[in-house]
Amino acid sequence: MRFRFRALVELDPRSRLGPGRQYPSGSRALLINARPLDRSTGAKFFPATISRDDQRPLQAGDLATVTITVTDEAAAAYFAPGQEFTIWGSSTGHGIVSRRVFAESGPS
């Protein structure tokens, strides 16, 4: 199942991590870490693709509205409006979900 969310993220000014994978579209492959909405279990890492809505590449220090795509059956239990998460990968930072754009089942 594939979930897509809109969120406001703030990337840390500097990252000690490597350059990471950046796609020609300007999106980045990162991990996002969130706690379940019902707090029944611990936090989980999700591989995600994150892209700015204005299609510019994400840079260290950015505060941007983004679209996040997560392919994981459990994502619905972790991401809803108001849910906070952290970002880990070529950049680090944090964000908050503003809304779910769609959920789609089938091949990803």
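The values are calculated or read from the model by the stated rules, or taken from the named source; none is laboratory data. For clarity, every value in this text was computed on a predicted model and none was experimentally measured. Ideal geometry is used to build each Cβ from the backbone, glycine not excepted, and the neighbour counts take in all protein chains shown.
Which of the residues spanning the stretch 25-55 are modelled with pLDDT of 80 or more and not in a strand (DSSP E or B)? The answer is R35, P36, L37, D38, R39, S40, T41, G42, A43, D54. Per this entry, R100 is counted among residues that are in contact (Cβ under 8 Å) with a residue 12 or more places away in the chain, touching a Pro at 6+ places or on another chain (Cβ under 8 Å) and either surrounded by fewer than 16 Cβ atoms within 10 Å (Cβ to Cβ) or not aromatic (F, W, Y) (or both).
From the list A34, A48, A64, A29, the one residue that fits, being in contact with a strand residue (DSSP E or B) (Cβ under 8 Å, 6 or more places away or on another chain) and surrounded by fewer than 18 Cβ atoms within 10 Å (Cβ to Cβ), is A29. Just one of the numbered conditions (1) surrounded by 15 or more Cβ atoms within 10 Å (Cβ to Cβ); (2) within 12 Å of the chain's Cα centre (by Cα) is not true of E84: (1). For the stretch 56-85, a residue qualifies if it is within 26 Å of P13 (Cβ to Cβ) and assigned to a strand (DSSP E or B), and the qualifying residues are L63, A64, T65, V66, T67, I68, T69, V70, E84, F85.
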